[in-house]
Amino acid sequence: MSSKFMNQIESNGLHVALKSDSGDWISYQDLAKKADIFAEGIPSRPTLLLIEMQNEAEAIIAYVGALRCG
């Protein structure tokens with residue numbers, strides 16, 4: 001994935017990245033950290049990855065984590 005995209009995520013720091021209907025939110029900094037934690041569980045060898053997406057923070061975190069793996 002483009003390092004420019006990843007740099008944009010990290011450079012936004014404490015700004016709101018995701019906000020739920022209940023008002024809970026995750027900053028870009030937290031999104032990057034959580035995505036990295038998810039990415040640690042992805043094998044380093046080339047592999048097919050399937051992510052079932054729903055409209056929730058965990059799905060976005062998984063998607064960004066997969067992108068961060070390359």
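Per the listing K34, K4, the residue uniquely at pLDDT below 90 and in a helix (DSSP H, G or I) is K4. Could you say whether any residue in the range 43-62 is part of a loop (DSSP other than H, G, I, E, B), loosely packed, with under 10 Cβ neighbours inside 10 Å, of a type in the set (G, A, S) and under 13 Å from the mean Cα position of the chain (by Cα)? Looking for residues that are part of a loop (DSSP other than H, G, I, E, B), loosely packed, with under 10 Cβ neighbours inside 10 Å, of a type in the set (G, A, S) and under 13 Å from the mean Cα position of the chain (by Cα), one finds none in the range 43-62, hence no. On the stretch given as the range 18-42, residues that are open to solvent by less than 70 Å² (accessible area, probe 1.4 Å) and within 14 Å of the chain's Cα centre (by Cα) total 12. Within the range 32-60, the set of residues being under 15 Å from E10 (Cα atoms) and in contact with an Asp or Glu (Cβ under 9 Å, 6 or more places away or on another chain) comprises A32, K34. Just one of (1) open to solvent by 30 Å² or more (accessible area, probe 1.4 Å); (2) modelled with pLDDT under 90; (3) in contact with a helix residue (DSSP H, G or I) (Cβ under 7 Å, 6 or more places away or on another chain) fails for H15. It is (2).
The values are calculated or read from the model by the stated rules, or taken from the named source; none is laboratory data. All of these numbers come straight from a predicted model, not from anything done at the bench. Here Cβ is always computed from backbone atoms with ideal geometry, including for glycine, and neighbour counts include all displayed protein chains. What goes into the accessible areas is simple: the full protein's heavy atoms, side chains included, and nothing from ligands, DNA or RNA. Shrake-Rupley method; radii C 1.70, N 1.55, O 1.52, S 1.80 Å.
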